[in-house]
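A quick write-up on the structure given underneath.
The values are calculated or read from the model by the stated rules, or taken from the named source; none is laboratory data. Since this is a predicted model, take the numbers as computed values, not measurements. All Cβ positions, even for glycine, are placed from backbone atoms using ideal geometry, and neighbour counts span all protein chains on display. When the accessible area is computed, the model is the full protein with side chains, heavy atoms only, and any ligands, DNA or RNA have been set aside. Shrake-Rupley method; radii C 1.70, N 1.55, O 1.52, S 1.80 Å.
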Amino acid sequence: MKVIVAKSAGFCFGVKRAVEKVYEQIETAEKPIYTYGPIIHNEEVVNDLKAKGVEVLNSREELEAVRDCVVVIRSHGVGRDIYELLEKNGIQVVDATCPYVKKIHKIVAGQCADGRQVIIVGNEQHPEVQGIKGWGDERTRVIENPEDFEALGLPEGSKICLVAQTTFNYNKFQDLVEKIPKTRYDIIVLNTICNATQERQVEAMRIASQVDVMLVIGGKNSSNTQKLYEICRKECKNTCYIQTLGDLNPECIRSVRSVGITAGASTPNNIIEEVHTNVRIKF
């Protein structure tokens, strides 16, 4: 059997940096350590950190209740109000926000200050998008498709700025941009999709088009992994979404000639290697 593993599979720069910052705190901090939300959307990593004493704060209410501790802001980032709350309560902050996400925060704040209405293309329920929106103003909106944009009912001549969630599907973003009538609005379009995300999606699409079965590895709550699955499923109908080797149904890859493997940005290399090794040896 031929097995192709995507070179871009696994931790991206931002996630790797965030996870390393938490482990550094475990070694050096003399206070209780918390992450605001799971540091990444991967249960294996979160459980390992919990075993080492790192707890997760899942809401603003929980964050407001802690004192004399270290709070790590995950790679997804947070809104301006969370920084203000942490400063007010004298909490030691370790900021692991991905630099690419930080850049969007600055863009949104700057464009709003210049009088433009910011439109974020992404999933409004995703923590990264919620954080980005927290740097906007009362006019900032989130959309996912051209229909959402039309539903905003913006007056002709509106000054708007379009940005994207870093893990948004690149092709869907381009399609949305092309369908916005440029002559009706004073519009600035900034493609803020992370380069690593684009490369991962393009490589996954290419591999999926060449194999009999495609395996996509990642946490069930990982937005970028879900998008990888959608992309691969269009190219290879036999695409399986798994979190670990234990989720893999042997029947889905039995008696096939080729298998492709990719993984989301929050999937540790050891999980990818375990799947790769077992597929290659056992099947």
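Estimated from helical segments only, the mean residue ellipticity of the chain at 222 nm is -13000 deg cm²/dmol, where each DSSP H run of four or more residues counts as -39500 (n - 2.57).
About its Cα centre, the chain has a charge dipole of approximately 880 debye under the convention of +1 per Lys or Arg Cβ and -1 per Asp or Glu Cβ, with nothing else charged. Computed on the stretch 130-283, with alpha-carbon pairs under 8 angstrom and 6+ residues apart, the relative contact order is 20 percent. Label-to-label distance for L85 and L245 is 4.1 nm, based on points extended 7 Å past Cα in the beta-carbon direction.
What you get for the stretch 76-118, charging only the Cβ of Lys and Arg (+1) and of Asp and Glu (-1), is a dipole of about 180 debye around the Cα centre.
When the residues S209, S255, S8, S222 are ordered by accessible surface, computed with a 1.4 Å probe over the protein chains alone, the sequence from largest down reads S255, S209, S8, S222.
Put R74, R60, R257 in order of accessible area, highest first, and with a 1.4 Å probe you get R257, R60, R74. Can you give the Kirkwood hydrodynamic radius of the stretch 124-181 from its Cα pairs, in Å with one decimal? Kirkwood hydrodynamic radius for the stretch 124-181: 12.4 Å. Largest mean-square fluctuation among G14, G218, G153, in a Gaussian network model of the chain whose springs join Cα atoms under 10 Å apart, belongs to G153.
Build a GNM of the chain with springs between Cα atoms under 10 Å apart, and of L57, L190, L49 the one that fluctuates most is L190.
Database remark: amide H of L162 closer than 5 angstrom to the amide H of I119, I188, V189, L190 (H placed geometrically; neighbours at sequence offset of 5 or more, or on other chains; Pro and chain starts carry no H). In order along the stretch 158-174, the Karplus-derived 3J(HN,Hα) couplings, from 6.51 cos²θ - 1.76 cosθ + 1.60 at θ = phi - 60°, round to 4, 8, 10, 10, 9, 10, 10, 4, 4, 9, 5, 4, 4, 5, 5, 5, 4 Hz, and Gly and Pro are given as x. The stretch 135-158 to the stretch 209-231: how many Å between their Cα centroids? Rounded to whole Å, the Cα centres lie 30 Å apart. Sorted from longest to shortest, the spans of the Cα atoms of the stretch 25-73 along the three principal axes equal 27, 25, 15 Å.
For the stretch 197-247, what Kirkwood radius comes out of the mean inverse Cα-Cα distance, in Å?
About 10.8 Å, per the Kirkwood formula over Cα pairs.
The accessible area of M1, taken with all protein chains in place and a 1.4 Å probe, comes to roughly 90 Å².
Please give the charge dipole size of the stretch 179-283, origin at the Cα centre, charges +1 on K and R Cβ atoms and -1 on D and E Cβ atoms. Round to the nearest 20 debye.
Once rounded to the nearest 20, the dipole reads 360 debye.
Given axes a ≥ b ≥ c from the Cα gyration tensor, I'd like to know whether the stretch 168-228 is rounded (a/c under 1.5), prolate (a/b larger than b/c) or oblate. Prolate, since a/c reaches 1.5 and a/b exceeds b/c.
Could you grab the relative contact order for the chain? Cα pairs under 8 Å, six or more apart, rounded to a whole percent.
It rounds to 23 percent for the chain.
Since only V71, V56, S266 are under comparison, the one whose Cα sits farthest along the positive direction of the charge dipole of the chain, derived from C-beta charges on Lys, Arg, Asp and Glu, is S266.
Residues within the reach of a label modelled at A113 (point 7 angstrom out along Cα to beta-carbon, backbone nitrogen below 19 Å), restricted to the stretch 121-140, are 132-140. For K21, the solvent-accessible surface computed with a 1.4 Å probe is close to 50 Å², ligands and nucleic acids excluded.
Under Stokes-Einstein, with the Kirkwood radius over Cα pairs as Rh, the value for the stretch 152-268 at 20 °C and 1.002 mPa s is 135 µm²/s.
Counting only Cα atoms, I'd like the Rg/Rh figure for the stretch 89-193, Kirkwood definition for Rh. Reported Rg/Rh, Kirkwood definition of Rh: 0.99. For the stretch 1-89, the gyration tensor built on C-alpha atoms gives a prolate shape. Its axis ratio a/c (a ≥ b ≥ c) is at least 1.5, and a/b is the larger of a/b and b/c.
Compared with the direct C-alpha span, the chain from T277 to V94 gains 62.3 nm at full extension, assuming 0.36 nm per residue.
Please work out the FRET efficiency for the pair L152 and R60, using the Cβ-Cβ distance as r and a Förster radius of 22 Å; give the result to the nearest 0.05.
Computed FRET efficiency for L152 and R60 comes out at 0.20.
Mind telling me which of V54, V121, V256 comes out most flexible in a GNM of the chain, alpha-carbon contacts under 10 Å? Greatest mean-square fluctuation among the candidates belongs to V256. When R139, R254 are compared by accessible area at a 1.4 angstrom probe, the order from most to least is R254, R139. The antiparallel fraction among DSSP beta bridges confined to the chain stands at about 0%.
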